[in-house]
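A short worksheet on the structure shown next.
Computed from the coordinates by the stated procedures, all read-outs in this text should not be read as laboratory data. Since we're looking at a predicted model, the values are computed, not measured. Backbone-built Cβ (ideal geometry, glycine too); neighbour counts: all protein chains shown.
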Amino acid sequence: MNIIYHEQSRQFHLTNNQISYVIGFCDSGELLQYYFGKKIHDRDCFEAQCSKGIKPMMCSPADHENFTLELSRLEYPVFGTGDYRTSAYEILQENGSRVTRFEYLSHDIVEGKPSIDGLPATYCNDDTEALTLILSLKDELSQVVCKLFYSIFEDYSVIARHVEFVNEGDKKVRILKAYSLNLDLPDQDYEWMHFQGAWARERMPVTSAVTGGRLSVESMRGISSANYNPFVILKRPATTEDNGEAIGIHLLYSGNFIAFAEADPFGMLRAAIGINDKWFDWPLESGKEFATPEAILTYSAEGLNGLSHSVHDLFNNNLVRSPYKNQVRPILLNNWEATNMDFDEASILKIASKGQEAGVELFVLDDGWFGKRDDDHAGLGDWYVNTKKLPEGISGLSRKINEMGLKMGLWIEPEMVNEDSDLYRAHPEWVLSIPGRPKTLGRTQLVLDFSNPEVVDAIYDMLYKVFEDANLSYIKWDMNRSLTEVFSSNKSADEQGTVYHKYVLGMYSLYERLIKAFPNILFESCSSGGARFDAGMLYYAPQAWCSDDTDAFERMKIQYGTSYGYPIVSMGSHVSVSPNQQTGRCISIDTRANVAYFGTFGYELDLNELSDEEFEKVKKQIVFMKKYREIIQYGDFYRVKSPYNENIASWMSVKKDKSVAICAIYRNYTPVNGGYQRIKLTGLDPDMLYEDENGKTYYGDYLMNIGLDVQDNDQLWFYDVGDYRSKVVVLNRK
Ligand code: GLA
């Protein structure tokens, strides 16, 4: 790993064994992008790969009439000086102008990686893991300094980027846009992949051809959202799961975002990601600073699986901060689908006790334990126990759960309030709402104004008491509606454009304080299922509830899509009841577990209601997961066969040393009298001899080139008879 500065050409080359990233200043002073991709040899002066010179109808900077920004690959572009593509930032100055001209001021190359105040960021476990270039530019007229941060890690094919603005002038400016990353690629031979969905069908991959113009996804919901994820991929059209080039772009942020790819008429492709600039207006007083969230740029020459491996490892090793970092996750039992809010201490203890008998490690009490919370019309905001349901409080319940040998976990939704709550009656001004206008409800609740530190303090105090009083090992932090009427009654008109972002900062600050006060708690984030499943969240909560859709065949698609950008160990996945509560579909307990294994794993049903035969299977499933979870959660995950359009889907986790592989194959419908079918595995050592549980042996090259025979032949049932069947095959080095 190295960051080389070529003084003559004023170029910087960031490189490790896998990638190179080259930027530098041209004669007219602009910061250009020269290269991002597979590692290449260094040279004193890289040449810009783009059209040279100037074409008709283009503008050029004074004294540089043969140069135009419009044909340049720009590192952090502004609008208004001759580049007509989408700009990366916009600063409104006192005289009304939005034009700036940032020129080289200084640069610094430091060991390690600085943190970003109040925001999530990847970090180094020790400073030898990464190098950081801090490139400072200054706009002389406004005296605003723009610092561009680039970190390269020794072990990953990623560049971490963010931007900080410092107002060194004596006049206030307004930041109207500040993206985290801009990337100008020299060709358009790409496809754009994004991950879209809605409640209960999150993160479905969508691939679009890059043609002329702009493709974009965004959120204006105040959360990253189930609808579009702040993670996109640019891949070569021929790239597959295992071969070819792909570029991943993640934003480590949990609020409004935008990501786009813009194909210009001159053969270049601009991609960018950042906080959505709609409704964003940040006054920057003299002497103040503003930092953007971090973006992660990933390069893979080994297909989409290669891209996923880089980000899974980066996030597991250098983003997650919990004591559960790189630790297997407890197998949990959650009462939500078993009871909803209708429970008392006896019914909870009965469910937990059956979980203990089955071998689960953690019991989680979901929504309904606080205030007057008997349905979703009341109680949010009143974070003190409902003693009618739990006479001895959470502390009494957690003591009894602990006595069973189980850890205790609890559900909270701290950002919300119901109108029917003591908190709202005492502080109606603490919600996001516009004076004189009606309030829009979502799930009959309002959103607390987390841009106001007083509100965050009050919630912290209430939660602190509950957490301190009980022996809690786990918290499920929910967030069940999108933001509306985003207006803060404790801010002036001048500051209303900061509210969306300050809300996110307030939410992060509450996480940070609770993590510091209760360092042993495992946090799982949730937002009506997976509506805030993003890389920013993983910095605070190392796992996230993937979706409220727990139907195994739907879930497989959701987990498959999520795996492109997020580690397997980050995906909350449970076995729930059949017929499924969302789809009514009946799926065997075996297949429900075969899908849920590939995540954190747990149960979300009343185990007392299972037949004896099913309960025995549950016990075996827990034994299986305890044995193999380390490989499933921290091995290399390979997507083998897509579930979206075909009858058979497959994925597998391979231990890092390749000595064990756990392969799952799922079959949707039973074809009658079907044809020959096989699955070619991937990621194995071709020269290693593997043995399955029946003692059958195969070399890795056999399994990867000939494959596993999975045909539906009467004599050779690979699966049980019936629809929605599946099989998990464990291959061990012989
Ligand atoms: C959300 C979550 C569910 C459950 C309910 C409780 O919908 O996604 O898992 O916790 O809230 O109200």
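Where a ≥ b ≥ c are the square roots of the eigenvalues of the C-alpha gyration tensor, would you call the stretch 591-721 rounded, which needs a/c under 1.5, or, failing that, prolate if a/b is larger than b/c, or oblate? Here the stretch 591-721 falls in the oblate category. Taking the charge dipole of the stretch 113-255 about its Cα centre, with +1 at Lys and Arg Cβ atoms and -1 at Asp and Glu Cβ atoms, the residue from SER225, THR240, SER151 reaching farthest to the positive side is SER225. Principal axis analysis of the Cα atoms in the stretch 124-236 yields extents of 48, 38, 33 Å, listed in decreasing size. Counted by Cβ distance under 12 Å from PRO686, the other residues give a net charge of -2, where Lys and Arg count +1 and Asp and Glu count -1.
The charge dipole of the chain, taken about the Cα centre with unit charges on the Cβ atoms of Lys, Arg (+1) and Asp, Glu (-1), comes to about 860 debye, rounded to the nearest 20. Ordered by the count of other Cβ atoms within 10 Å of each Cβ, fewest first, HIS427, HIS41 give HIS41, HIS427.
Counting other Cβ atoms within 10 Å of each Cβ, which chymotrypsin sites (Phe, Trp or Tyr not before Pro) in the stretch 21-118 have at most 15 and sit in a DSSP loop? The qualifying sites are TYR84.
Restricting the stretch 427-516 to trypsin sites (Lys or Arg not before Pro) that sit in a DSSP loop and have at most 14 other Cβ atoms within 10 Å of their own Cβ leaves LYS439, ARG443.
Quote the relative contact order of the chain in percent (integer), defining contacts as alpha-carbon pairs under 8 Å separated by 6+ residues. Rounded, it is 10 percent for the chain. For the stretch 520-533, 3J(HN,Hα) computed residue by residue from phi via the Karplus equation (6.51, -1.76, 1.60; θ = phi - 60°) reads 8, 6, 8, 9, 10, 8, 7, 8, 6, x, x, 8, 9, 9 Hz, glycine and proline entered as x. In the chain, the longest principal axis of the Cα atoms and the axis of helix 612-634 are about 30 degrees apart.
The angle between the Cα long axis of helix 453-469 and the longest principal axis of the Cα atoms of the chain comes to about 30 degrees, rounded to the nearest 10. As a rough footprinting exposure proxy, the listed residues TRP199, TRP192 were ranked by other beta carbons within 10 Å of their own, and the order from fewest upward is TRP199, TRP192. In a Debye calculation with equal point scatterers on the alpha-carbon sites of the chain and no solvent, what is log10 I(q)/I(0) at q = 0.05, 0.06, 0.10 Å⁻¹? Debye intensities relative to I(0), on a log10 scale: -0.26, -0.38, -1.02. Compared with the dominant Cα axis of the chain, that is its longest principal axis, helix 345-358 is turned about 90°.
The calculated Kirkwood hydrodynamic radius for the stretch 325-375 is 11.9 Å, given to one decimal from all distinct C-alpha pairs. The residue list SER395, PRO453, MET416 was ranked by how far each Cα lies along the charge dipole of the stretch 377-501 toward its positive end, using unit charges on Cβ atoms, and SER395 comes out on top. Would you please classify the overall shape of the stretch 1-126 from the alpha carbon gyration tensor, given that a ≥ b ≥ c denote the square roots of the eigenvalues, rounded means a/c under 1.5, and beyond that prolate means a/b larger than b/c while oblate covers the rest? Oblate, because a/c is 1.5 or more while a/b does not exceed b/c.
Counted by Cβ distance under 11 Å from LYS658, the other residues give a net charge of -1, where Lys and Arg count +1 and Asp and Glu count -1. As I understand it, the dipole of the chain uses +1 on the Cβ of Lys and Arg and -1 on the Cβ of Asp and Glu, about the Cα centre. Which of ALA596, GLN633, PHE467 lies farthest toward its positive end? Farthest along the dipole direction, towards plus: ALA596. Computed about its Cα centre, the charge dipole of the stretch 602-734 is approximately 560 debye, with only Lys, Arg, Asp and Glu carrying charge at their Cβ. Here the 3J(HN,Hα) profile of the stretch 237-248, calculated from phi with Karplus coefficients 6.51, -1.76 and 1.60 at θ = phi - 60°, is x, 8, 5, 10, 4, 10, 9, x, 8, 8, 10, x Hz, Gly and Pro shown as x. Listed cross-link partners LYS557/LYS727; LYS476/LYS557; LYS325/LYS620 are compared with a 18 Å cut-off, the Cα-Cα value being larger for LYS476/LYS557; LYS325/LYS620. Taking Cα centroids, how far is the stretch 602-677 from the stretch 149-175 in Å? So the separation of the two Cα centres works out to 42 Å. Note on VAL417, VAL577: ascending count of other Cβ atoms within 10 Å places them as VAL577, VAL417, the fewest first.
The separation of the stretch 246-307 from the stretch 415-433, counted between C-alpha centres, amounts to 34 Å. Seen from GLN8, the other residues with C-beta closer than 12 Å to its C-beta sum to a net charge of 0, counting Lys and Arg as +1 and Asp and Glu as -1. Solvent-free Debye calculation, one equal scatterer per alpha-carbon of the stretch 291-429: log10 I(q)/I(0) at 0.10, 0.14, 0.20, 0.21 Å⁻¹ equals -0.52, -0.81, -1.08, -1.14.
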